[in-house]
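Single-structure report; data block below.
The values are calculated or read from the model by the stated rules, or taken from the named source; none is laboratory data. Remember, it's a predicted structure, so these values are computed and weren't measured experimentally. Neighbour counts run over all protein chains shown; Cβ positions are idealised from the backbone, glycine included.
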């Protein structure tokens, strides 16, 4: 099992939570981004720099993540691709993407993008708050615990 992080837009505090879980459980982490990344000083944490082309990081993660891995991303199209391959993805706010919810989230995302382009809606999601961090940490712990039990 490995944890993949779509790292270009992943908040530092979320990466730190993942690094702590990785160290505690001995699970490798791979950050994928199209720019240089600072990373934790741990042999369990690696990084991959991909080209700056659209979806390069997403494509890399989809090509390399196994169904037993966990992907952390706020990118709903990437999450949809992971779920379609029977993988597990979680967003930085602690919401787990599933077959049941990813299609609806993708539709909502597309609608909001259209409304933003038309100038009807402005802005994006609220900043990550303490509740979001706690929800993420709890969801991550639950997913990793379940995955580790499945491996035994």
Only one of (1) surrounded by fewer than 17 Cβ atoms within 10 Å (Cβ to Cβ); (2) in contact (Cβ under 8 Å) with a residue 40 or more places away in the chain; (3) in contact with a helix residue (DSSP H, G or I) (Cβ under 6 Å, 6 or more places away or on another chain) does not apply to residue 121, and that is (2)
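Quick grid of which residues meet (1) buried (at least 16 other Cβ atoms within 10 Å of the Cβ); (2) more than 17 Å from the chain's Cα centre (by Cα); (3) free of Cβ contacts under 8 Å to residues at least 40 places away in the same chain; (4) under 19 Å from residue 92 (Cβ atoms):
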position	(1), (2), (3), (4)
28	no, no, yes, no
46	no, no, yes, no
52	no, yes, yes, no
64	no, no, no, no
71	yes, no, no, yes
76	yes, no, yes, yes
State all residues of the stretch 91-109 that are surrounded by 13 or more Cβ atoms within 10 Å (Cβ to Cβ), in a loop (DSSP other than H, G, I, E, B) and either in contact with a strand residue (DSSP E or B) (Cβ under 6 Å, 6 or more places away or on another chain) or at pLDDT below 90 (or both); if no residue qualifies, say none.
-> 101
Restricting attention to the stretch 125-150, the residues that are more than 18 Å from the chain's Cα centre (by Cα) and either surrounded by 13 or more Cβ atoms within 10 Å (Cβ to Cβ) or part of a loop (DSSP other than H, G, I, E, B) (or both) number exactly 1
